[in-house]
Amino acid sequence: MKVEVLGSGCAKCRKTEEMISETIRKLGIEAEVVHVTDISEIVDRGIMVTPAVVIDGKTVSEGRVPSEAQIRSWFGR
């Protein structure tokens, strides 16, 4: 599984990446977490507001820091 956090590296983007990594660890899920900071790539994907989260190619969140409950729901937990 590949989880991508898209954003420039702002505080909200870093917090989103941190929360996702921590929740994945708690759930014992194997996933690669990648932070995409290239603005051209982010815009090419149609993302206009960051942070955004993409799991296996599907955008699941855009423009906000997700809660742990939201992150768990993305993994069916």
Condition first: farther than 23 Å from residue 11 by Cβ and either free of Cβ contacts under 8 Å to residues at least 12 places away in the same chain or part of a helix (DSSP H, G or I) (or both). Now tell me which residues in the range 24-45 satisfy that. 27, 28, 44
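Each row is one residue, and each column tells you yes or no for (1) in contact with a Pro (Cβ under 8 Å, 6 or more places away or on another chain); (2) of a type in the set (A, V, I, L, M, F, W, C); (3) open to solvent by 40 Å² or more (accessible area, probe 1.4 Å).
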residue	(1), (2), (3)
7	yes, no, no
18	no, no, yes
27	no, yes, no
33	no, yes, yes
38	no, no, yes
51	no, no, no
55	no, yes, no
64	yes, no, yes
77	no, no, yes
Identify all residues within the range 66-75 that are free of Cβ contacts under 8 Å to residues at least 12 places away in the same chain and surrounded by 15 or more Cβ atoms within 10 Å (Cβ to Cβ); write none if there are none. 70
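The values are calculated or read from the model by the stated rules, or taken from the named source; none is laboratory data. All of these numbers come straight from a predicted model, not from anything done at the bench. Every residue, glycine as well, gets a Cβ built from its backbone with ideal geometry; the counts of neighbours run over all protein chains shown. Protein only, heavy atoms only, side chains kept; ligands, DNA and RNA dropped before computing areas. Shrake-Rupley method; radii C 1.70, N 1.55, O 1.52, S 1.80 Å.
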